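Following: one structure in structure tokens, then a few remarks.
The values are calculated or read from the model by the stated rules, or taken from the named source; none is laboratory data. These figures come from a predicted structure and were not determined experimentally. Cβ: placed from backbone, ideal geometry, glycine included. Neighbour counts: every protein chain shown. Ligands, DNA and RNA are stripped out before the accessible areas are found, and what is left, the full protein with its side chains, is counted by its heavy atoms. Shrake-Rupley method; radii C 1.70, N 1.55, O 1.52, S 1.80 Å.
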Amino acid sequence: METIILKIDPLGEIDIKIPVEIIKKGGLVAFPTETVYGLGASVFNAHAVSNIYKVKGRASDNPLIVHVSDFNSVSDIAILPEKFEKVVKKLTPGPITFVLKKKEGIPDVVTAGLNTVGVRIPAHPVARKLCELAGPIAAPSANLSGKPSPTNASAVIEDLNGKIDCIIDSGDTPFGLESTIIDLSGCTPVVLRPGPITIEELREIFGEIDIPDFVKNANHVENPKAPGMKYKHYAPEKPLYMFYRHEREKILKLVEKENGVIICPEEHRKLYPKERVIILGKLENPYSIAQNLFKVLRLFDKTGFQVGFIEAFEESGILFSVMNRLKKAAKLWR
Ligand code: AMP
Ligand code: MG
């Protein structure tokens with residue numbers, strides 16, 4: 001299949017007729033959001049949604065997120081408890097997904113058979129316009145399963161060119177990390193995935209929240225509350241190891257021996273041999289680290305280095321979310 005690649009400037013006039021028609025006819029479109037690029041199909045077209053799983057090689061028990069254009073459209077898809085209306089309004093549009101009891105009519109393939117559904121109102125103007133004109137869109141990240149999520153169109157092209165109908169190219173995504181997911185289907189909100197909206201912010205907004213062990217430790221668990229959490233994620237093809245500050249001396253010796261490269265923030269550049277460093281962003285602006293993470297993991301695969309060694313971060317704020325992804329992408333050097 002020939003994939004149409006369409007450049008759309010998110011700050012200009014957004015002409016989105018072609019992708020809207022493709023979605024309405026049951027095709028697949030990769031589109032930018034403020035988190036990462038999504039691979040979308042019409043929610044109500046079960047066949048189109050099943051094609052998302054097929055082209056990504058995604059396990060069928062890993063549900064998708066439904067994207068809608070505005071607050072009022074949430075109730076077409078899900079039941080939002082009255083007590084959460086105010087906070088959801090406050091947090092949207094934005095990089096956060098709410099797990100809610102689903103309404104009838106949402107095909108099982110979207111939710112992997114669950115009676116809940118993840119709903120998000122993206123803030124990215126291209127994503128919003130697409131949902132506004134094409135209706136609710138089911139979309140996971142637009143990468144092959146297991147690979148780092150795509151934060152620009154070239155990453156999507158790398159994984160999906162020739163397999164889907166259209167890729168919208170709107171440049172780099174602002175956050176570069178998948179949405180925060182919070183389950184509001186029970187009494188107490190449960191964080192299922194940390195993301196751009198941080199744990200600290202969620203605590204302030206919701207008061208009491210549950211943070212399950214699989215979020216704190218990011219281990220692979222057999223029966224996680226969030227389906228899909230048991231799968232390996234985000235990993236580059238080459239071996240990647242994460243190390244802590246006290247292991248620096250040891251890693252410095254290994255990096256030459258193993259033809260390795262160090263992935264670290266700008267502030268630590270001088271601690272390592274300069275020809276063996278890839279810069280991830282600045283600690284001074286931790287959001288830059290989140291924004292570059294997946295891009296750098298993909299870049300590392302294209303270098304001549306055999307092994308990657310990535311510095312661990314202190315687990316607070318957005319860097320807690322970064323560490324959640326890193327623990328899945330990298331092993332500890334032992
Ligand atoms: P992706 O956008 O590729 O990260 O995939 C969407 C993620 O949303 C999945 O991995 C699930 O963990 C999560 N998700 C979607 N719907 C639900 C749901 N009903 N309950 C729990 N998690 C969900
Ligand atoms: Mg994904």
> Any chance the stretch 106-114 includes a residue that's in contact with a Phe, Trp or Tyr (Cβ under 7 Å, 6 or more places away or on another chain) and within 16 Å of ligand 2 (Cβ to nearest atom)?
Replying inline: no
> How about the stretch 233-284: which of its residues are hydroxyl-bearing (S, T, Y) and open to solvent by 20 Å² or more (accessible area, probe 1.4 Å)?
Replying inline: Y241, Y244
> Which fully enclosed strands (runs of 3 or more DSSP E) of the stretch 1-61 have 3 or more residues being crowded, with 20+ Cβ neighbours inside 10 Å and of a type in the set (G, A, S)?
Replying inline: 38-42
> Residues of the stretch 60-79 being touching a residue at least 40 places away in the same chain (Cβ under 8 Å) and away from ligand 2 (no atom under 16 Å from the Cβ), which ones?
Replying inline: V68, S69, D70, F71, S73, V74, D76, I77, A78
> Taking the stretch 101-126 only, how many residues are assigned to a strand (DSSP E or B) and crowded, with 24+ Cβ neighbours inside 10 Å?
Replying inline: 4
> Which residues, counting only those in the stretch 300-324, are closer than 12 Å to L240 by Cβ and part of a helix (DSSP H, G or I)?
Replying inline: F300, D301
> Can you name every residue in the stretch 127-172 that is away from ligand 2 (no atom under 13 Å from the Cβ) and assigned to a loop (DSSP other than H, G, I, E, B)?
Replying inline: G135, P136, N152, N161, G162, K163, I164, D165, S170, G171, D172
> Has the stretch 293-303 got any residue that is under 27 Å from the mean Cα position of the chain (by Cα), more than 18 Å from K147 (Cα to Cα) and not basic (K, R)?
Replying inline: no
> Can you pull out the residues in the stretch 131-147 that are open to solvent by less than 10 Å² (accessible area, probe 1.4 Å) and touching a His at 6+ places or on another chain (Cβ under 8 Å)?
Replying inline: C131, I137, A138, A139
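Take V191 and decide whether it is crowded, with 22+ Cβ neighbours inside 10 Å and more than 22 Å from K295 (Cα to Cα).
yes
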> Within the stretch 173-188, restricting attention to residues that are within 15 Å of ligand 2 (Cβ to nearest atom) and not in a loop (DSSP other than H, G, I, E, B), which residue is least open to solvent (accessible area, probe 1.4 Å)?
Replying inline: T180
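Being more than 21 Å from L144 (Cβ to Cβ) and touching a strand residue (DSSP E or B) at 6+ places or on another chain (Cβ under 8 Å) narrows it down to one residue among F309, F313; which is it?
F309
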